[in-house]
Amino acid sequence: MSSEAWPTLAVVVPCYNERLNVAPLVASVDAALGGSGGTQIAWEMIFVDDDSPDGTSDAARAIAVKDRRVRVIRRIGRRGLSSAVIEGALATSAEFIAVIDGDLQHDETRLPLMVETLRAGADLAVGSRHLAGGDAGGLASPFRKRLSHSGIRLAQVLTGSILSDPMSGFFMVRRRLFEQLAPMLTGQGFKILLDLILAASGDLKIVEVPYQFRPRRAGESKLDLLVVAQFGGFLIDKLLRGVVPSRFIAFALVGSFGVLVNLAVMAAARTTGLDFSFSQTVGTIAAMAVNFELNNRLTYRTTRLRGSRYWRGLAVFMLVCGLGAIANVGIARMLYADNTAGLLASAAGGVVGVVWNYAVSSTLVWRRA
Ligand code: GDD
Ligand code: MN
(Lines give C-alpha, C1' and ligand atoms only; values in the text may rest on other atoms or scores of the structure.)
(Ligands and ions follow the chains in the order given, each with its own letter.)
Protein backbone atom coordinates (compact mmCIF):
# COMPACT_ATOMS: atom_id res chain seq x y z
CA MET A 1 0.00 0.00 0.00
CA SER A 2 1.38 3.37 -0.89
CA SER A 3 0.93 6.37 1.30
CA GLU A 4 1.17 10.03 0.67
CA ALA A 5 2.05 12.66 3.26
CA TRP A 6 -0.38 15.45 4.12
CA PRO A 7 0.18 18.66 2.21
CA THR A 8 2.11 21.48 3.85
CA LEU A 9 -0.74 23.95 3.76
CA ALA A 10 -4.48 23.62 4.25
CA VAL A 11 -6.50 26.57 2.97
CA VAL A 12 -9.78 26.69 4.87
CA VAL A 13 -12.57 28.58 3.14
CA PRO A 14 -15.76 29.37 5.09
CA CYS A 15 -18.45 29.97 2.53
CA TYR A 16 -22.12 30.72 2.34
CA ASN A 17 -23.78 31.48 -1.00
CA GLU A 18 -20.49 31.83 -2.85
CA ARG A 19 -21.20 29.44 -5.75
CA LEU A 20 -19.84 31.73 -8.44
CA ASN A 21 -16.65 32.41 -6.49
CA VAL A 22 -15.59 28.80 -5.86
CA ALA A 23 -13.93 27.94 -9.17
CA PRO A 24 -12.07 31.27 -9.56
CA LEU A 25 -10.79 30.95 -6.00
CA VAL A 26 -9.44 27.43 -6.51
CA ALA A 27 -7.72 28.58 -9.70
CA SER A 28 -6.17 31.64 -8.01
CA VAL A 29 -4.96 29.67 -4.99
CA ASP A 30 -3.47 27.02 -7.27
CA ALA A 31 -1.70 29.71 -9.28
CA ALA A 32 -0.39 31.38 -6.12
CA LEU A 33 0.97 28.21 -4.53
CA GLY A 34 1.94 25.95 -7.37
CA GLY A 35 2.54 28.61 -9.90
CA SER A 36 5.51 28.99 -12.13
CA GLY A 37 8.55 30.82 -10.86
CA GLY A 38 7.63 31.05 -7.18
CA THR A 39 7.93 28.53 -4.38
CA GLN A 40 5.87 25.39 -4.78
CA ILE A 41 3.84 24.56 -1.72
CA ALA A 42 1.81 21.35 -1.45
CA TRP A 43 -1.70 22.45 -0.55
CA GLU A 44 -5.27 21.35 -0.03
CA MET A 45 -8.41 23.48 0.12
CA ILE A 46 -11.29 22.77 2.48
CA PHE A 47 -14.57 24.50 1.67
CA VAL A 48 -16.85 24.62 4.69
CA ASP A 49 -20.33 25.40 3.45
CA ASP A 50 -23.42 25.73 5.61
CA ASP A 51 -25.74 24.08 3.12
CA SER A 52 -26.00 27.26 1.02
CA PRO A 53 -29.22 27.44 -0.98
CA ASP A 54 -27.28 28.63 -4.06
CA GLY A 55 -25.47 25.29 -4.37
CA THR A 56 -22.01 26.34 -3.19
CA SER A 57 -21.27 22.76 -2.06
CA ASP A 58 -22.15 21.37 -5.48
CA ALA A 59 -19.80 23.83 -7.14
CA ALA A 60 -16.99 22.78 -4.80
CA ARG A 61 -17.77 19.06 -5.20
CA ALA A 62 -17.67 19.39 -8.97
CA ILE A 63 -14.03 20.44 -8.63
CA ALA A 64 -13.26 18.00 -5.80
CA VAL A 65 -14.18 14.93 -7.86
CA LYS A 66 -11.50 15.89 -10.35
CA ASP A 67 -8.93 17.34 -7.97
CA ARG A 68 -8.34 15.50 -4.71
CA ARG A 69 -6.64 18.57 -3.22
CA VAL A 70 -10.09 20.12 -2.95
CA ARG A 71 -12.38 18.94 -0.15
CA VAL A 72 -15.85 19.90 0.99
CA ILE A 73 -17.51 19.92 4.39
CA ARG A 74 -21.23 20.52 4.08
CA ARG A 75 -22.88 21.38 7.38
CA ILE A 76 -26.61 20.98 7.80
CA GLY A 77 -28.66 23.14 10.17
CA ARG A 78 -25.67 25.20 11.24
CA ARG A 79 -24.55 28.75 10.52
CA GLY A 80 -21.51 30.79 11.39
CA LEU A 81 -18.20 31.87 9.94
CA SER A 82 -16.11 31.12 13.06
CA SER A 83 -17.52 27.70 13.74
CA ALA A 84 -17.11 26.81 10.05
CA VAL A 85 -13.44 27.79 10.21
CA ILE A 86 -12.91 25.69 13.34
CA GLU A 87 -14.46 22.63 11.74
CA GLY A 88 -12.45 23.01 8.56
CA ALA A 89 -9.20 23.59 10.44
CA LEU A 90 -9.73 20.51 12.61
CA ALA A 91 -10.27 18.37 9.51
CA THR A 92 -6.70 18.63 8.27
CA SER A 93 -3.32 17.31 9.31
CA ALA A 94 -1.33 19.79 7.24
CA GLU A 95 1.45 21.68 9.00
CA PHE A 96 -0.02 25.12 8.37
CA ILE A 97 -3.61 26.31 8.20
CA ALA A 98 -4.65 29.39 6.25
CA VAL A 99 -8.10 30.95 6.54
CA ILE A 100 -9.35 32.93 3.59
CA ASP A 101 -12.77 34.31 2.64
CA GLY A 102 -14.55 32.55 -0.20
CA ASP A 103 -15.47 35.74 -2.03
CA LEU A 104 -12.08 36.65 -3.54
CA GLN A 105 -11.75 39.72 -1.30
CA HIS A 106 -8.55 38.42 0.29
CA ASP A 107 -5.29 38.33 -1.63
CA GLU A 108 -4.22 34.70 -2.10
CA THR A 109 -0.90 35.77 -3.66
CA ARG A 110 0.20 36.56 -0.08
CA LEU A 111 -0.04 32.91 0.98
CA PRO A 112 3.58 31.97 0.09
CA LEU A 113 4.86 34.94 2.11
CA MET A 114 2.72 33.81 5.06
CA VAL A 115 4.19 30.31 4.83
CA GLU A 116 7.69 31.79 4.83
CA THR A 117 6.80 33.89 7.85
CA LEU A 118 5.70 30.83 9.82
CA ARG A 119 8.73 28.87 8.69
CA ALA A 120 10.88 31.72 9.97
CA GLY A 121 9.38 31.17 13.43
CA ALA A 122 6.12 33.14 13.69
CA ASP A 123 3.09 31.39 15.22
CA LEU A 124 0.58 33.47 13.36
CA ALA A 125 0.71 35.49 10.14
CA VAL A 126 -2.12 37.99 9.81
CA GLY A 127 -3.19 39.64 6.57
CA SER A 128 -3.69 43.33 7.24
CA ARG A 129 -5.68 45.85 5.25
CA HIS A 130 -4.45 48.71 7.39
CA LEU A 131 -0.70 48.29 7.32
CA ALA A 132 1.43 50.38 4.99
CA GLY A 133 1.13 48.55 1.69
CA GLY A 134 -2.32 47.21 2.59
CA ASP A 135 -5.59 48.65 1.43
CA ALA A 136 -9.15 48.48 2.75
CA GLY A 137 -10.56 49.77 -0.53
CA GLY A 138 -12.98 46.85 -0.72
CA LEU A 139 -15.01 47.95 2.33
CA ALA A 140 -18.39 48.57 0.79
CA SER A 141 -19.62 51.81 2.38
CA PRO A 142 -18.59 54.70 4.67
CA PHE A 143 -20.73 53.01 7.35
CA ARG A 144 -18.74 49.77 6.96
CA LYS A 145 -15.52 51.76 7.24
CA ARG A 146 -16.60 53.47 10.46
CA LEU A 147 -17.84 50.20 11.90
CA SER A 148 -14.57 48.56 11.01
CA HIS A 149 -12.53 51.32 12.66
CA SER A 150 -14.49 51.25 15.94
CA GLY A 151 -14.21 47.47 16.01
CA ILE A 152 -10.46 47.69 15.54
CA ARG A 153 -10.02 50.20 18.38
CA LEU A 154 -11.98 48.04 20.81
CA ALA A 155 -10.26 44.87 19.76
CA GLN A 156 -6.84 46.49 20.19
CA VAL A 157 -7.72 47.59 23.71
CA LEU A 158 -8.98 44.12 24.53
CA THR A 159 -6.10 42.13 23.20
CA GLY A 160 -3.59 44.69 24.47
CA SER A 161 -1.97 44.25 21.09
CA ILE A 162 -1.12 46.71 18.40
CA LEU A 163 -2.33 44.52 15.56
CA SER A 164 -3.46 46.93 12.85
CA ASP A 165 -6.23 44.61 11.64
CA PRO A 166 -7.40 42.45 14.58
CA MET A 167 -10.69 41.70 12.81
CA SER A 168 -8.94 40.20 9.82
CA GLY A 169 -10.49 37.08 8.37
CA PHE A 170 -7.28 36.32 6.47
CA PHE A 171 -4.49 34.64 8.42
CA MET A 172 -2.26 31.59 8.74
CA VAL A 173 -1.44 29.58 11.85
CA ARG A 174 0.45 26.41 12.76
CA ARG A 175 -1.93 23.47 13.00
CA ARG A 176 -0.48 22.29 16.30
CA LEU A 177 -1.13 25.64 17.86
CA PHE A 178 -4.66 25.77 16.46
CA GLU A 179 -5.43 22.33 17.86
CA GLN A 180 -4.12 23.37 21.23
CA LEU A 181 -6.30 26.49 21.33
CA ALA A 182 -9.40 24.98 19.68
CA PRO A 183 -11.14 23.91 22.92
CA MET A 184 -10.97 27.52 24.17
CA LEU A 185 -12.56 29.13 21.12
CA THR A 186 -16.11 30.45 21.38
CA GLY A 187 -16.93 29.69 17.74
CA GLN A 188 -19.34 32.63 17.66
CA GLY A 189 -19.76 35.27 14.99
CA PHE A 190 -16.97 36.54 12.74
CA LYS A 191 -14.16 37.06 15.24
CA ILE A 192 -12.19 33.84 14.90
CA LEU A 193 -8.78 35.58 14.83
CA LEU A 194 -9.54 37.62 17.93
CA ASP A 195 -10.70 34.46 19.64
CA LEU A 196 -7.44 32.71 18.84
CA ILE A 197 -5.33 35.60 20.11
CA LEU A 198 -7.32 35.86 23.34
CA ALA A 199 -7.19 32.11 23.88
CA ALA A 200 -3.40 32.19 23.60
CA SER A 201 -3.33 34.98 26.22
CA GLY A 202 -0.41 36.91 24.85
CA ASP A 203 1.93 34.05 24.08
CA LEU A 204 1.95 34.39 20.32
CA LYS A 205 4.58 35.61 17.94
CA ILE A 206 2.42 37.45 15.40
CA VAL A 207 3.62 38.94 12.13
CA GLU A 208 1.40 41.10 9.96
CA VAL A 209 1.42 40.86 6.19
CA PRO A 210 -0.11 43.76 4.26
CA TYR A 211 -2.56 43.03 1.46
CA GLN A 212 -5.16 44.77 -0.61
CA PHE A 213 -8.75 44.05 0.34
CA ARG A 214 -10.61 43.69 -2.95
CA PRO A 215 -14.20 44.58 -3.66
CA ARG A 216 -16.54 41.61 -3.75
CA ARG A 217 -17.10 40.22 -7.24
CA ALA A 218 -20.21 38.07 -6.92
CA GLY A 219 -22.75 37.57 -4.13
CA GLU A 220 -23.20 39.74 -1.03
CA SER A 221 -21.72 40.25 2.45
CA LYS A 222 -23.15 38.27 5.36
CA LEU A 223 -21.87 40.67 7.99
CA ASP A 224 -25.18 42.04 9.27
CA LEU A 225 -26.51 43.73 12.39
CA LEU A 226 -26.82 40.42 14.21
CA VAL A 227 -23.10 39.76 13.71
CA VAL A 228 -22.32 43.26 15.00
CA ALA A 229 -24.59 42.76 18.03
CA GLN A 230 -22.92 39.43 18.79
CA PHE A 231 -19.57 41.19 18.65
CA GLY A 232 -20.82 43.87 21.07
CA GLY A 233 -21.92 41.18 23.52
CA PHE A 234 -18.58 39.46 23.18
CA LEU A 235 -16.71 42.71 23.98
CA ILE A 236 -18.84 43.45 27.05
CA ASP A 237 -18.33 39.91 28.25
CA LYS A 238 -14.55 40.04 27.81
CA LEU A 239 -14.25 43.49 29.37
CA LEU A 240 -16.18 42.58 32.48
CA ARG A 241 -15.25 38.94 32.87
CA GLY A 242 -13.83 38.18 36.26
CA VAL A 243 -15.28 41.36 37.69
CA VAL A 244 -18.99 40.86 37.17
CA PRO A 245 -20.56 37.55 36.07
CA SER A 246 -22.03 37.91 32.57
CA ARG A 247 -25.28 36.41 33.88
CA PHE A 248 -25.63 39.26 36.30
CA ILE A 249 -25.13 41.75 33.45
CA ALA A 250 -27.85 40.07 31.43
CA PHE A 251 -30.12 40.02 34.50
CA ALA A 252 -29.50 43.73 35.15
CA LEU A 253 -30.13 44.65 31.50
CA VAL A 254 -33.40 42.72 31.54
CA GLY A 255 -34.23 44.53 34.81
CA SER A 256 -33.64 47.94 33.20
CA PHE A 257 -35.95 46.98 30.40
CA GLY A 258 -38.49 45.98 33.05
CA VAL A 259 -38.40 49.51 34.48
CA LEU A 260 -39.44 50.83 31.06
CA VAL A 261 -42.26 48.28 30.83
CA ASN A 262 -43.40 49.30 34.28
CA LEU A 263 -43.50 52.99 33.31
CA ALA A 264 -45.22 52.38 29.99
CA VAL A 265 -47.95 50.14 31.43
CA MET A 266 -48.47 52.48 34.35
CA ALA A 267 -48.87 55.48 32.05
CA ALA A 268 -51.25 53.55 29.80
CA ALA A 269 -53.36 52.48 32.80
CA ARG A 270 -53.51 56.09 34.02
CA THR A 271 -54.93 57.28 30.70
CA THR A 272 -57.87 54.91 31.18
CA GLY A 273 -58.66 56.80 34.40
CA LEU A 274 -57.28 54.31 36.95
CA ASP A 275 -55.74 55.85 40.05
CA PHE A 276 -52.00 56.04 40.55
CA SER A 277 -51.36 53.25 43.01
CA PHE A 278 -53.54 50.78 41.15
CA SER A 279 -51.84 51.73 37.84
CA GLN A 280 -48.45 51.34 39.44
CA THR A 281 -49.38 47.89 40.76
CA VAL A 282 -50.52 46.79 37.30
CA GLY A 283 -47.30 48.18 35.80
CA THR A 284 -45.14 46.38 38.34
CA ILE A 285 -46.85 43.03 37.76
CA ALA A 286 -46.51 43.43 33.99
CA ALA A 287 -42.82 44.29 34.37
CA MET A 288 -42.19 41.24 36.58
CA ALA A 289 -43.92 38.95 34.08
CA VAL A 290 -41.94 40.39 31.16
CA ASN A 291 -38.68 40.16 33.15
CA PHE A 292 -39.40 36.57 34.06
CA GLU A 293 -40.07 35.62 30.46
CA LEU A 294 -36.91 37.38 29.20
CA ASN A 295 -34.69 35.97 31.93
CA ASN A 296 -36.08 32.52 31.30
CA ARG A 297 -35.36 32.82 27.57
CA LEU A 298 -32.06 34.70 27.67
CA THR A 299 -30.28 34.89 31.01
CA TYR A 300 -31.13 31.34 32.04
CA ARG A 301 -31.68 29.77 28.62
CA THR A 302 -29.52 26.80 29.61
CA THR A 303 -31.81 25.95 32.54
CA ARG A 304 -34.99 27.25 30.94
CA LEU A 305 -38.18 26.39 32.80
CA ARG A 306 -41.05 24.79 30.91
CA GLY A 307 -44.50 23.37 31.66
CA SER A 308 -45.60 23.40 35.28
CA ARG A 309 -42.13 24.42 36.46
CA TYR A 310 -42.56 27.60 34.41
CA TRP A 311 -45.63 28.67 36.39
CA ARG A 312 -44.12 27.71 39.71
CA GLY A 313 -41.00 29.68 38.73
CA LEU A 314 -43.07 32.72 37.78
CA ALA A 315 -44.83 32.69 41.17
CA VAL A 316 -41.55 32.39 43.11
CA PHE A 317 -39.94 35.07 40.90
CA MET A 318 -42.76 37.53 41.66
CA LEU A 319 -42.47 36.82 45.36
CA VAL A 320 -38.69 37.29 45.31
CA CYS A 321 -38.93 40.52 43.30
CA GLY A 322 -41.73 41.78 45.55
CA LEU A 323 -39.44 41.36 48.56
CA GLY A 324 -36.64 42.95 46.51
CA ALA A 325 -38.84 45.98 45.90
CA ILE A 326 -39.61 46.27 49.60
CA ALA A 327 -35.87 46.09 50.40
CA ASN A 328 -35.18 48.64 47.67
CA VAL A 329 -37.65 51.19 49.04
CA GLY A 330 -36.71 50.45 52.66
CA ILE A 331 -32.99 51.03 52.13
CA ALA A 332 -33.53 54.16 50.06
CA ARG A 333 -35.82 55.59 52.78
CA MET A 334 -33.38 54.72 55.54
CA LEU A 335 -30.42 56.34 53.74
CA TYR A 336 -32.51 59.37 52.82
CA ALA A 337 -33.56 59.85 56.44
CA ASP A 338 -29.86 59.56 57.29
CA ASN A 339 -29.14 62.65 55.14
CA THR A 340 -27.91 60.87 52.02
CA ALA A 341 -28.78 62.79 48.83
CA GLY A 342 -32.05 61.60 47.28
CA LEU A 343 -30.62 60.34 44.03
CA LEU A 344 -27.81 58.42 45.75
CA ALA A 345 -30.19 56.89 48.28
CA SER A 346 -32.46 55.80 45.47
CA ALA A 347 -29.57 54.34 43.45
CA ALA A 348 -28.28 52.42 46.48
CA GLY A 349 -31.78 51.02 47.00
CA GLY A 350 -31.90 49.99 43.34
CA VAL A 351 -28.54 48.22 43.51
CA VAL A 352 -29.49 46.30 46.65
CA GLY A 353 -32.78 45.38 44.98
CA VAL A 354 -31.25 44.00 41.79
CA VAL A 355 -28.48 42.12 43.64
CA TRP A 356 -31.11 40.57 45.90
CA ASN A 357 -33.33 39.63 42.97
CA TYR A 358 -30.39 38.11 41.14
CA ALA A 359 -28.93 36.21 44.07
CA VAL A 360 -32.20 34.76 45.29
CA SER A 361 -33.85 34.04 41.95
CA SER A 362 -30.74 32.35 40.57
CA THR A 363 -30.88 29.86 43.43
CA LEU A 364 -34.63 29.56 44.06
CA VAL A 365 -36.12 30.04 40.58
CA TRP A 366 -33.53 28.82 38.09
CA ARG A 367 -31.53 26.48 40.29
CA ARG A 368 -29.67 23.89 38.30
CA ALA A 369 -31.59 20.67 37.93
N1 GDD B 1 -19.78 28.50 6.32
C2 GDD B 1 -20.15 29.78 6.51
N3 GDD B 1 -21.21 30.03 7.35
N4 GDD B 1 -19.48 30.77 5.90
C5 GDD B 1 -19.88 32.04 6.11
C6 GDD B 1 -20.96 32.38 6.96
C7 GDD B 1 -21.65 31.29 7.59
O8 GDD B 1 -22.62 31.47 8.35
N9 GDD B 1 -21.09 33.73 6.98
C10 GDD B 1 -20.14 34.20 6.16
N11 GDD B 1 -19.42 33.20 5.63
C12 GDD B 1 -18.30 33.28 4.66
C13 GDD B 1 -18.65 34.09 3.44
O14 GDD B 1 -19.25 33.30 2.44
C15 GDD B 1 -17.27 34.60 3.02
O16 GDD B 1 -16.58 33.61 2.31
C17 GDD B 1 -16.57 34.81 4.36
O18 GDD B 1 -17.25 33.98 5.30
C19 GDD B 1 -16.63 36.27 4.80
O20 GDD B 1 -17.97 36.69 4.84
P21 GDD B 1 -18.43 38.06 4.18
O22 GDD B 1 -19.90 38.13 4.34
O23 GDD B 1 -17.86 38.22 2.82
O24 GDD B 1 -17.75 39.08 5.18
P25 GDD B 1 -17.25 40.55 4.91
O26 GDD B 1 -16.46 40.62 3.65
O27 GDD B 1 -18.40 41.46 5.06
O28 GDD B 1 -16.27 40.73 6.17
C29 GDD B 1 -14.88 40.72 6.06
O30 GDD B 1 -14.35 41.63 6.99
C31 GDD B 1 -14.52 41.25 8.36
C32 GDD B 1 -13.97 42.33 9.25
O33 GDD B 1 -14.43 43.56 8.90
C34 GDD B 1 -14.30 39.33 6.27
O35 GDD B 1 -12.93 39.33 5.90
C36 GDD B 1 -14.39 38.86 7.71
O37 GDD B 1 -13.64 37.64 7.82
C38 GDD B 1 -13.81 39.94 8.60
O39 GDD B 1 -13.98 39.56 9.98
MN1 MN C 1 -16.45 39.47 2.05
(request) Let me know the Rg and Dmax you get for the stretch 171-270 when you use only its Cα atoms, in Å. (result) 20.0, 65
(request) Could you compute the FRET efficiency for Gln180 and Glu220, with r as their C-beta to C-beta distance and R0 at 41 Å, rounded to 0.05? (result) 0.70
(message) 5 Å is the cut-off here: which amide hydrogens, built 1.01 Å from N in the peptide plane, fall below it relative to Phe171, excluding neighbours closer than 5 in sequence?
(response) Val99, Gly127
(request) Report the paramagnetic label zone for Val316: residues of the stretch 280-299 whose backbone N is under 14 Å from a point 7 Å from Cα along the Cα-to-Cβ axis. (result) 296
(request) Give me the lysines in straight-line cross-link reach of Lys191: C-alpha distance below 26 Å, same-chain residues under 8 apart excluded. (result) Lys145, Lys205, Lys222, Lys238
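What accessible area per residue, rounded to a whole number of Å², is obtained for the chain using a probe radius of 1.4 Å?
Working: 19300 Å² over 369 residues.
I get 52 Å² per residue for this part.
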(request) Could you tell me the distance between the Cα centroids of the stretch 110-131 and the stretch 242-292, to the nearest Å? (result) 53 Å
(request) Over the chain, with every protein chain in place, what whole percent of the accessible area is carbon and sulfur at 1.4 Å, could you tell me? (result) 60 percent
(request) Using a 10 Å cut-off on Cβ atoms, rank the peptides 229-240, 112-123 from the highest mean neighbour count down. (result) 112-123, 229-240
(message) Over the Cα atoms of the stretch 246-365, each weighted equally, I'd like the Debye log10 I(q)/I(0) at q = 0.10, 0.12, 0.23 Å⁻¹, rounded to two decimals.
(response) -0.33, -0.47, -1.30
(request) Starting from the Cα of Phe276, step 7 Å along the direction of its Cβ; do the same at Ile249; then give the gap between the two resulting points in nm. (result) 3.8 nm
(request) Output the Cα-based Rg and Dmax of the chain in Å, rounding Rg to one decimal and Dmax to a whole number. (result) 26.5, 89
(request) Name the residue farthest towards the positive end of the dipole of the chain from the options Thr299, Val22, Phe276, assuming +1 on Cβ of Lys and Arg, -1 on Cβ of Asp and Glu, about the Cα centre. (result) Phe276
(message) Can you tell me the mean projection area, over all orientations, of the convex hull of the stretch 9-220's alpha carbons? Units nm², please.
(response) 11.3 nm²
(request) Just tell me, in residue order, which DSSP H segments of the chain are both 24 angstrom or longer along the helix axis (alpha-carbon based) and at least 0.0 in mean Kyte-Doolittle hydropathy. (result) 246-271, 276-294, 308-337, 342-364
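The values are calculated or read from the model by the stated rules, or taken from the named source; none is laboratory data. Since we're looking at a predicted model, the values are computed, not measured. Heads up, the Cβs are rebuilt from the backbone with ideal geometry, glycines too, and the neighbour counts pull from every protein chain shown. To get the accessible areas, we keep the full protein, side chains included, count just its heavy atoms, and leave off ligands, DNA and RNA. Shrake-Rupley method; radii C 1.70, N 1.55, O 1.52, S 1.80 Å.
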